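See below for the structure under consideration.
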Amino acid sequence: MAQAFSSSAGIASARSESVSAPGYQAFQILRTGFTVAPIVAGLDKFFHLLVNWDQYLPAFVNNLTGSHGHQLMLAVGVIEIVAGLGVAFKPRLFAYVVSAWLLLIVVNLLMIPGYFDVALRDFGLSLAALALARLSQEYDRS
């Protein structure tokens with residue numbers, strides 16, 4: 001009987017140790033960031049409280065959509081909201097999705113003069129999302 005208590009205490013102890021582990025904490029920090037940021041950015045595509053997102057769309061893309069670039073950005077907003085929710089519930093998969101999405105944003109930004117600094121930032125974010133995907137292999141319990 002004492003051994004059963006000792007065994008269950010060991011499980012609880014192992015869980016608390018993993019929660020305090022730096023790798024697990026990094027996983028949780030990145031998971032929170034890549035849940036909140038895409039959802040906020042996606043919602044803001046509809047409200048333009050942070051920035052006018054349409055300025056990040058190259059003119060030729062707007063022309064390709066028949067001058068419906070704003071509607072395209074609304075679709076982008078929906079995709080970003082879904083990606084953020086995906087990271088919240090299935091980071092093993094959606095962290096890769098967010099990383100790839102950010103790389104597409106980098107390519108898009110490189111087509112617009114004056115946004116190379118934002119492209120560099122988004123490249124760094126893409127690497128961070130990739131790190132989250134890798135950490136998810138070990139720490140995601142869903």
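For the condition surrounded by 19 or more Cβ atoms within 10 Å (Cβ to Cβ) and either assigned to a helix (DSSP H, G or I) or among the basic types (Lys, Arg) (or both), GLU138 does not qualify. ILE79 meets the conditions (1) surrounded by 14 or more Cβ atoms within 10 Å (Cβ to Cβ); (2) in a loop (DSSP other than H, G, I, E, B); (3) aliphatic (A, V, I, L, M) in every case but one. The failed one is (2).
In the set (1) crowded, with 16+ Cβ neighbours inside 10 Å; (2) under 17 Å from the mean Cα position of the chain (by Cα), ASN62 fails one condition alone, (2). The set of residues in region 50-66 that are touching a helix residue (DSSP H, G or I) at 6+ places or on another chain (Cβ under 9 Å) and not in a helix (DSSP H, G or I) comprises LEU50, VAL51, LEU57, PRO58, THR65.
Residues of region 116-142 that are of a type in the set (Asp, Glu), farther than 17 Å from TRP101 by Cβ and in contact (Cβ under 8 Å) with a residue 12 or more places away in the chain: GLU138, ASP140.
Read-outs: derived from the displayed coordinates by stated rules, not from any lab. Just so it is clear, the structure is predicted and the values come from calculations on it, not from any experiment. Don't worry about glycine lacking a Cβ; one is built from the backbone with ideal geometry, like all the others, and counts go over all protein chains shown.
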